[in-house]
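Taking it in order: structure first as structure tokens, then the write-up.
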Amino acid sequence: MTIMTNKKELMPQEGELPESIHSATMIIYRSAGLGLYGAAIRFLGMPLEKIALYMNSSQVSGDHQLKQAIRLTFQNGKVGGAGRSSFLAPYKVVGRASGVAWFLQYSVMGMIFQVVDKAMSRTMGISPMPYGAQLMEEVTSSEDGQEKSGDLLIAFKSYSKMLLAPAIAGMVESVVANRAEVQRYYGIQKFSKMEAALNWNPISRLCGPAFVANSSRNFIMSSTSFVITPILYRKYYPQQDKSQASLFWFGLGVNIFIGNAVAITQQALWGRALDYAACGKSIARNIHYKSVIQEGFAKDGRRAFFTVPKWASRVLMNAPVQGTLPWFYNEVLPLGEGTVLSAVSDFYNGMANTCKKGNGSSPSSTPSAVDTGDFSAKMATSPTSN
């Protein structure tokens, strides 16, 4: 397979960033932006998250489940605090690990998806996922013709990437965030006792309980934000109606009615799995998913894993951040890319000039033929940016 490279990639002009540094800078900038945005929104929405966690656990059942979940969310957790309520109660389970995990959850998810998307696109010889202004572009007749030509190999490559990229991103996101989510669910002290009782190996402790259900849920939500929303919006949304506002509401709609409608089943499985781990003759026990599912259906039927109130509570927790992620990623982050690239370019060129002076060359001198050849050989393997 032939990988096309442009002249800028082979020999960057004076004052321009090499393509590899340009691409790495954009991945880091976008990932950090996603992490900060996600952490801020998740902290502000902590009461909604606790309501959703209780709604999708076995601690609420029967009628008025939402009312039960709200009462548990704002119930004072101190000894003797039964019957009392406090607006700050949901924030008492947020430790430093949660803040770091929130940042890493969204930044790592974004970074892994971008890296896998670029790597697989380059290896397979297909286009990366559309980003930024590309979502507002009209699909060209040549692109439409390629899709309608029925090339099974191209379709297989595209669909494989659409599945693998969010799957890997979701799994890594769970490695980073699941343990902190479990800590917020149980509370810091109870979770510490359970970890000591389970005595798991370091890898299992890193992943945390109910990792499989958490990873499955994150795969669904990563697919919604980075694959389903941009593809549907770019290809099928009326061209004359495309705008920042329409992308914002379209992303929310896809998140609410597609992503969360499916992810709620995995969220419920995750909550019930954690309750299963905490209920037993000992302080904690290992999770057996078949037993969790069987007990759920035996107790509440299909309502164990999907009800309108469960879905609504999940939407309240997830939609403010995950539903607006496509808009923030494709419309807000690009606004700062020019400033970031300019700063990195100034730093890179300053370092390059310093190195040239150290080698006895003037800042304005051009690289020698040998240096240019070595640089071109290295940069020819760099991926192109979006």
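Evaluate the following for Leu316: is it modelled with pLDDT of 90 or more and under 23 Å from the mean Cα position of the chain (by Cα)?
Spelling it out, it is not the case that Leu316 is modelled with pLDDT of 90 or more and under 23 Å from the mean Cα position of the chain (by Cα).
Tell me, yes or no, whether segment 234-245 has at least one residue that is outside any loop (DSSP other than H, G, I, E, B), farther than 24 Å from Pro128 by Cα and within 16 Å of the chain's Cα centre (by Cα). Within segment 234-245, none of the residues are outside any loop (DSSP other than H, G, I, E, B), farther than 24 Å from Pro128 by Cα and within 16 Å of the chain's Cα centre (by Cα).
Taking only pairs six or more apart or across chains, which ones have beta-carbon atoms under 6 Å, a first residue in segment 91-103 that is over 12 Å from Gly38 (Cα atoms), and a second residue that is open to solvent by 30 Å² or more (accessible area, probe 1.4 Å)? Every condition considered, the pairs that remain are Gly95/Ile188.
Of note, Ser127 does not satisfy the criterion of being within 25 Å of the chain's Cα centre (by Cα) and within 30 Å of Ile51 (Cβ to Cβ). Scoring Ser361 on the criteria (1) farther than 30 Å from Gly208 by Cα; (2) at pLDDT below 90; (3) surrounded by 18 or more Cβ atoms within 10 Å (Cβ to Cβ) leaves a single failure, condition (3).
Among the listed residues Gly38, Gly33, which satisfies the condition of being small (Gly, Ala, Ser), open to solvent by less than 10 Å² (accessible area, probe 1.4 Å) and under 15 Å from the mean Cα position of the chain (by Cα)? Spell out the reasoning first.
On the way: Gly33 fails: open to solvent by less than 10 Å² (accessible area, probe 1.4 Å).
After applying the criteria, what remains is Gly38.
Only a single item in (1) open to solvent by 50 Å² or more (accessible area, probe 1.4 Å); (2) under 20 Å from the mean Cα position of the chain (by Cα) is not met by Gly251, and it is number (1). Restricting attention to segment 215-248, the residues being open to solvent by 60 Å² or more (accessible area, probe 1.4 Å) and farther than 22 Å from Glu137 by Cβ number 1.
Being within 23 Å of Ala319 (Cα to Cα) and either part of a helix (DSSP H, G or I) or of a type in the set (D, E, K, R) (or both) is the requirement here; does Arg205 meet it? No: the conditions fail for Arg205. Looking across Met129, Met109, one residue alone is touching a residue at least 60 places away in the same chain (Cβ under 8 Å), part of a loop (DSSP other than H, G, I, E, B) and open to solvent by less than 30 Å² (accessible area, probe 1.4 Å). It is Met129.
The values are calculated or read from the model by the stated rules, or taken from the named source; none is laboratory data. Given the structure is predicted, the values throughout are model-derived calculations rather than measurements. Positions of Cβ are backbone-derived with ideal geometry, glycine not excepted, and every protein chain shown enters the neighbour counts. Heavy atoms of the whole protein, side chains included, go into the accessibility calculation; ligands, DNA and RNA do not. Shrake-Rupley method; radii C 1.70, N 1.55, O 1.52, S 1.80 Å.
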